[in-house]
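Colleague: I'd like to ask you about the structure that follows.
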Amino acid sequence: MSLAANDFDWTGFPTREALADALADAVAQKLATSIERRGTALLAVSGGTTPGRFFEALSTRGIAWDRVTVTLVDERFVPPSSPRSNAALVADKLLRNAAAAARFMPLYHPAENAAAAAAMAEQDLAALKWPLDAAILGMGADGHTASFFPDADTLSTLLDPASARRVLPVDAPGAGEPRLTLSTPRLIEAGFLALHIEGAEKRAVFEAAMKDDEDRKPIRAVIDASPRPVKVFWAP
Ligand SMILES: O=C1O[C@H](COP(=O)(O)O)[C@@H](O)[C@H](O)[C@H]1O
């Protein structure tokens, strides 16, 4: 099944398992190509409830994981011991099997507040080889992607395609807790940029966001800012 548009490539899968396998194959292929070309690869993944099955599939792919650095598209300002931690999800579902050899760079740091943690993550991530080879976005029912929440007090900074920052702090009533997120330019420059969404509700949210030119949801802003069509992976 396919829905064509100028700014995204939509692929629908019959099942979530089929989606997880196809996305894992595409990401593994991209990482393997980057390792071949420049010796290392850099991957950013989202958290939340959606990516577990994809992580499990990707963890079994036979690439040179010891050359791969994994980081997060975004993180809640909570320690890895919290059930809300995206880092904990990655440790549990992705950094196992063959992928146990990968290096993980967290966005969370124990600090006074999310702004201080973001400054620390900014410094750590500056040492990596950018751009990202692959970034996998998720999307919430409110149209947020990464931690670009519609009600964030710094939304225009978060969506600024010219930001010089890699990591930004986020404060938004809709977010549940303060957040850390990669910036828009660092995400849209990824060699492979995908959006992974599942279920009829998220499909409807995505389609509405692509149509609504008045109330531009963060997902729409990222799709519009991307220099290449974002690859959308969807399953019911
Ligand atoms: O809070 C977050 O939400 C989005 C969507 O999560 P889901 O549970 O609806 O799949 C996720 O992409 C993001 O990484 C996460 O921090």
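Colleague: What are the residues in region 120-164 that are out of contact with any strand residue (DSSP E or B) (no Cβ under 8 Å at 6 or more places or on another chain), without any contact (Cβ under 8 Å) to a residue 60 or more places away in the chain and among the hydrophobic types (A, V, I, L, M, F, W, C), if any? Let's see the steps before the verdict.
Modeller: So in region 120-164, the residues out of contact with any strand residue (DSSP E or B) (no Cβ under 8 Å at 6 or more places or on another chain) come out as 120, 123, 126-127, 140-144, 150-151, 153, 156, 160-164.
Those still in the list that are without any contact (Cβ under 8 Å) to a residue 60 or more places away in the chain too: 120, 123, 126-127, 151, 153, 156, 160, 162-164.
Scanning region 120-164 gives Met120, Ala126, Ala127, Ala162, Ala164.
Colleague: Related question: What residue, of Arg220, Arg228, is part of a helix (DSSP H, G or I), away from the ligand (no atom under 13 Å from the Cβ) and of a type outside the set (S, T, N, Q)?
Modeller: Values: Arg228 fails: part of a helix (DSSP H, G or I).
The unique qualifying residue is Arg220.
Colleague: Does Pro161 count as more than 16 Å from the ligand (Cβ to nearest atom), open to solvent by 60 Å² or more (accessible area, probe 1.4 Å), farther than 23 Å from Lys231 by Cα and in a loop (DSSP other than H, G, I, E, B)? Working first, answer last.
Modeller: On the way: more than 16 Å from the ligand (Cβ to nearest atom): yes; open to solvent by 60 Å² or more (accessible area, probe 1.4 Å): yes; farther than 23 Å from Lys231 by Cα: no; in a loop (DSSP other than H, G, I, E, B): yes.
No: the conditions fail for Pro161.
Colleague: Considering only residues that are small (Gly, Ala, Ser), closer than 27 Å to Glu198 by Cβ and either within 14 Å of the ligand (Cβ to nearest atom) or surrounded by fewer than 24 Cβ atoms within 10 Å (Cβ to Cβ) (or both), which ones fall in region 35-46? Walk me through how you get there before you give the answer.
Modeller: Quick first cut of region 35-46, residues small (Gly, Ala, Ser) only: 39, 41, 44, 46.
So of that shortlist, the ones also closer than 27 Å to Glu198 by Cβ come out as 41, 44, 46.
Passing the criteria: Ala44, Ser46.
Colleague: What number of residues within region 176-189 satisfy the criterion of being outside any helix (DSSP H, G or I) and touching a helix residue (DSSP H, G or I) at 6+ places or on another chain (Cβ under 9 Å)?
Modeller: Looking only at region 176-189, we keep the residues that are outside any helix (DSSP H, G or I), and these are 176-183, 189.
Then drop every residue that is not touching a helix residue (DSSP H, G or I) at 6+ places or on another chain (Cβ under 9 Å), which leaves 177-183.
Counting residues in region 176-189 that are outside any helix (DSSP H, G or I) and touching a helix residue (DSSP H, G or I) at 6+ places or on another chain (Cβ under 9 Å) gives 7.
Conditions (1) under 25 Å from Phe148 (Cβ atoms); (2) modelled with pLDDT of 95 or more; (3) more than 12 Å from the ligand (Cβ to nearest atom), marked per residue:
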residue: Leu19; (1), (2), (3): yes, yes, yes
residue: Ala32; (1), (2), (3): no, yes, yes
residue: Gly48; (1), (2), (3): yes, yes, no
residue: Arg67; (1), (2), (3): no, yes, yes
residue: Ser85; (1), (2), (3): yes, yes, no
residue: Val90; (1), (2), (3): yes, yes, no
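Colleague: Return the residues of region 113-129 that are surrounded by 15 or more Cβ atoms within 10 Å (Cβ to Cβ) and charged (D, E, K, R); say none if nothing qualifies.
Modeller: Glu122, Asp124
Colleague: Another question, then. Residues Ala200, Ala172: which one is more than 17 Å from the chain's Cα centre (by Cα), closer than 22 Å to Val78 by Cβ and within 15 Å of the ligand (Cβ to nearest atom)?
Modeller: On the way: Ala200 fails: closer than 22 Å to Val78 by Cβ.
When all the criteria are applied, what remains is Ala172.
Colleague: Moving to a separate point now. Return the only residue of Ala141, Ala209, Ala194 being open to solvent by 10 Å² or more (accessible area, probe 1.4 Å) and either of a type in the set (Gly, Ala, Ser) or assigned to a helix (DSSP H, G or I) (or both).
Modeller: Working: Ala209 fails: open to solvent by 10 Å² or more (accessible area, probe 1.4 Å); Ala194 fails: open to solvent by 10 Å² or more (accessible area, probe 1.4 Å).
Unique residue meeting the criteria: Ala141.
Colleague: Scan region 52-72 residue by residue and report those that are surrounded by 24 or more Cβ atoms within 10 Å (Cβ to Cβ) and in contact with a Gly (Cβ under 8 Å, 6 or more places away or on another chain).
Modeller: Leu72
Colleague: Here's another thing I want to ask about it. Say whether the condition of being open to solvent by 40 Å² or more (accessible area, probe 1.4 Å), over 25 Å from Gly191 (Cα atoms) and within 14 Å of the ligand (Cβ to nearest atom) is met by at least one residue in region 96-111.
Modeller: There is no residue in region 96-111 that is open to solvent by 40 Å² or more (accessible area, probe 1.4 Å), over 25 Å from Gly191 (Cα atoms) and within 14 Å of the ligand (Cβ to nearest atom).
The values are calculated or read from the model by the stated rules, or taken from the named source; none is laboratory data. Since this is a predicted model, take the numbers as computed values, not measurements. Don't worry about glycine lacking a Cβ; one is built from the backbone with ideal geometry, like all the others, and counts go over all protein chains shown. Areas reflect the complete protein model, heavy atoms only, side chains present, ligands, DNA and RNA absent. Shrake-Rupley method; radii C 1.70, N 1.55, O 1.52, S 1.80 Å.
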